[in-house]
Amino acid sequence: MIITQKHLSRRMLLRGIGTAVALPLLDSMVPAIAATRNTAANPVIRLGAVYVGMGANMAQWTPKTEGPLELSPILMALKPYRDQMLVVTDLDSEGAMARPDDGGGVHSRIQPTWLTGVHVNHTDGAGFRAGTSMDQIAAQHVGNETQLSSLELGLESVDLVGSCELGYTCAYTATLAWRTPTTPLPMEVNPRAVFERMFGDSDSTDSGARLARMKENRSLLDAVTQDLARLSGSIGPGDRTKVSEYLDAIRDVERRIQKAEEQSDQELPLVEQPAGIPAEFEEYGKLMFDLLALAFQSNLTRVATFLTARELSNRIYPEIGITEPHHPLSHHMYDPQKLAKQAKLNVFHLRLFSHFLKRLKSIEDGDGTLLDHTMMLYGSGMGDSNAHNPLQVPTIVVAGEGTGIKTGQHIRVPRGTPLANLQMGLLERMGCNVESFGDSNGTLNILSA
């Protein structure tokens, strides 16, 4: 081993006019004498949570056997990642169950309870209250090490939720992330806004300057070419390859956003698309997941939430032949045709998630890939969507080898086990040794490899 004095800061940025591009983890950022200790024994772990509202077709979701994972028809969408999957059955999000004075509002309770484990306050005004969500507990622990303590992304703006439930504030179905019990964090749904939050000018929010840059139709990477040239002369060929692949990914995402913005200027009958959002939902979902992958790759954040479909969503999916709105379809009354459509929708959402996992697996990170050093919780706050209750909720953990989680398994936990037990175990993997979380009554030893 040749020991050199060259060492780049983990927070090094490429800077240009109005831009600051963070770099991924490079070999040059780890002193040679400490390389194996810092990248293998103590890898940087990322944590994400992906939510899909209104349950699943549980008969097609749940694996038939326990032990080594045999994929169910729906979970076949994640077949390439079977060995990184832990499917947990019979977990409950019991905090969302109705209490005597709650009335209706099942969706408004289910979504905020999923990551907080608490029963929300029944109110349609300013008195809303949930709990600090799992992601924000992790963000409080590791967020000071990154530019963004957490990132909150979604695929539906608030005005697409539909009417909120009687007696419940819309805040409950607008987000997954709660910084405090009374501070919900907004989910960003516009790729352009996410892109600029990650790579734009953090010192100015002037919309005129932003529009001027857009009209120039040039990549933000053009503004950092001098910095990039200086960097290339001080790093090795392996690092140059990593940087090149990373910047190519940024340029591709920016190109796709610009294309969506150009399309948004066209007249579209009956549909109003905000600037920067692709017209096709699959492309939209992939673009947002790619932005999240870039955020993890550049260490802009290590904690994220992703709201694929809200509770009460009335989105339709004509691209896969589903013209019924999502919410009414979830009230399937056990009709075989509607159940088949629900399963098809479950598969479609998992395909988007699979795209994200493929991206993570393709990116080098320390001694492995981003997927090796990432934990992703995927699920919904209700199981049987026709019953609309928060029991036996569909739950997957996708985790890489570097996280120390035992994967490639299907586990049935004792009935009544809180979902919060699993979430508390994930927090411990992030170094957050919390005494309790939500309605947890312990941690799950099934996470140990």
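Things to note:
- Proportion of all alpha-carbon pairs of segment 386-440 beyond 18 Å (%): 42 percent
- Too-long pairs where the Cα-Cα distance tops 19 Å, listed order kept, from Lys344/Lys406; Lys79/Lys344; Lys79/Lys358; Lys242/Lys361; Lys286/Lys358: Lys344/Lys406
- Remark on Asn389: its backbone amide H falls under 5 Å from those of Gly383, Asp384, a criterion applied only to residues 5 or more positions apart or on other chains, H modelled at 1.01 Å from N.
- Working value for segment 304-432: equivalent-ellipsoid semi-axes of 30, 20, 12 Å, each the square root of 5 times a Cα gyration tensor eigenvalue, largest first.
- Taking a sphere under 12 Å around the Cβ of Ser108 and counting the other residues whose Cβ falls inside, with K and R at +1 and D and E at -1, yields a net charge of -2.
- Dimensionless Rg/Rh of segment 56-170 - Kirkwood Rh, Rg from C-alpha atoms: 1.03
- Neighbour net charge for Gly368 - beta-carbon separation under 12 angstrom, K R +1, D E -1: -4
- ³J(HN,Hα), Karplus 6.51/-1.76/1.60, whole Hz, each residue of segment 408-419, x for Gly, Pro: x, 10, 10, 10, 9, 8, x, 4, x, 5, x, 4
- Cβ-defined net charge surrounding Val120, 14 Å radius [Lys, Arg +1; Asp, Glu -1]: -4
- Whole-Hz Karplus values for segment 89-99 come out as 10, 6, 6, 10, 9, 5, x, 8, 5, 5, 10 Hz, taken residue by residue from phi with 6.51 cos²θ - 1.76 cosθ + 1.60 and θ = phi - 60°; glycine and proline positions read x.
- Spin-label model, Ala340 to Asp101: label points 7 Å out along the Cα-to-beta-carbon direction sit 4.8 nm apart.
- Cα-only Debye scattering, segment 61-120: base-10 log of I(q)/I(0) at q = 0.15, 0.16 Å⁻¹: -0.63, -0.67
- Proxy reagent accessibility, fewest Cβ within 10 Å first, across Glu254, Glu319, Glu283: Glu319, Glu283, Glu254
- Note, ³J(HN,Hα) from phi for segment 394-399, Karplus 6.51, -1.76, 1.60, rounded to Hz, x at Gly and Pro: x, 9, 10, 10, 9, 9
Every number in this text was worked out from the coordinates using simple rules, so none of it is lab data. All values reported here derive from a predicted model rather than from experimental measurement. All Cβ positions, even for glycine, are placed from backbone atoms using ideal geometry, and neighbour counts span all protein chains on display.
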